[in-house]
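Engineer: Got a structure for you, written out below as structure tokens; questions coming shortly.
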Amino acid sequence: MMRTAARLKLWHRCCGIGVAGNVAGHMARAGEADEHSVATAPAAIFTYYLPPHPFVVQDMLADKQRLEHFPVTYAVILLPKIPGACKVQIEPEMGLYADIVYSVDRSRVERLVPRRVAAFNDCSIRSLEGASKLSQKKNWGFGSKGISLRSFPIDSFAPGSFVDNLALVAYFKRDMQVYQYTVNAPVRNYLMFHEPLLEWIVECINVQSSQTDTDKSEEVFTRLAESDYPTSTWIALGAGEYTQWGQQNYLQPADETVIMIYDERIFPEGPSSEELERQFNDLPAPEGIVALHQTFL
């Protein structure tokens, strides 16, 4: 009950946005990009959750309704029951909570104000028959995303601020064996980070559109307006670098994952194996770590 109340409070008038391809090479490994292209910036943004308009009877179009299903949990991932869906994979990411500041006439987003960071699982369907847009592989209803219950408060996203001390890592447990799923990666090494990333996201919100039927990106600002201008957002900033095991293995029932954001000043070698086991047992994380533990059902 407490977790449900906390989750609802955290997401009140809050939308979910993701950044695709913000780790060099990730989109190609995930099967979402031209393998011959060289990424110098993220590929696009997408929406994975849009809160229903509070005062309007909702459009029953399936595409809009799909993104209004609240997908985020703290403890479980429910494997999709969508026909044609296969190869489901976790995407361990840093989640950024930010206020959305609109122009006076609400014709565009002016800026994002960062407030908190958390461990985030942007779980994704890698193969879905008939899907042409990224967002179609991102939200299959409750239990298709994950976020740590605890988060780090921040007052800046600038170089040299607290976020530069943070690193991301993920582990996987299958049949009582633990595997490293992503490499230990300082988040400052994202393909794009700090204020340039926030400015790029704002620009994408305002101008991104779907140019063709095969274009994986979609309009975002129009959808925010249809949701009565959400006042905040949890942004999935980009996936970590998969290990070989992580790249080759997809989710099965009873699999477990732990995703951790940790302070390198406190854990210069990363969290210990003892601390990892504590997180798989849902024990409180120490100072300097925020962690997400999920089981796949």
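Engineer: For the range 87-109, enumerate the residues that are over 18 Å from P71 (Cβ atoms) and not aliphatic (A, V, I, L, M).
Structural biologist: Hits for the range 87-109 are K87, D99, Y102, S103, D105, R106, S107, R108.
Engineer: Turning to a different aspect of this structure: Keeping to the range 92-124, report how many residues are more than 15 Å from the chain's Cα centre (by Cα), outside any strand (DSSP E or B) and of a type outside the set (S, T, N, Q).
Structural biologist: Number of matching residues: 4.
Engineer: Which count do you get for residues in the range 129-158 that are touching a Cys at 6+ places or on another chain (Cβ under 8 Å) and in a strand (DSSP E or B)?
Structural biologist: Here the count works out to 2.
Engineer: Name the residues in the range 159-197 that are closer than 17 Å to T257 by Cα and either polar (S, T, N, Q) or assigned to a helix (DSSP H, G or I) (or both), would you?
Structural biologist: Q177, Q180, T182, N184 - these are the residues of the range 159-197 that are closer than 17 Å to T257 by Cα and either polar (S, T, N, Q) or assigned to a helix (DSSP H, G or I) (or both).
Engineer: What's the number of the only condition in (1) surrounded by 17 or more Cβ atoms within 10 Å (Cβ to Cβ); (2) more than 15 Å from L112 (Cβ to Cβ); (3) not aliphatic (A, V, I, L, M) that Q248 fails to meet?
Structural biologist: (1)
Engineer: So which pairs qualify, if the first residue must be in the range 70-91 and assigned to a loop (DSSP other than H, G, I, E, B), the second must be of a type in the set (K, R) and at pLDDT 90 or above, the Cβ gap must be under 7 Å, and the two must be at least 6 apart or on different chains?
Structural biologist: Taking only residues 6 or more apart or on different chains, the pairs are P71/K145.
Engineer: Still on this structure, I have one more. Starting from residues that are buried (at least 20 other Cβ atoms within 10 Å of the Cβ) and basic (K, R), keep the ones in the range 125-157 and report whichever is nearest to the chain's Cα centre (by Cα).
Structural biologist: Step by step, filter the range 125-157, then rank; the result is K145.
The values are calculated or read from the model by the stated rules, or taken from the named source; none is laboratory data. Since the structure is predicted, the reported quantities are computational estimates derived from the model, not experimental observations. Note: ideal-geometry Cβ built from the backbone for every residue, glycine included; neighbour counts use all protein chains shown.
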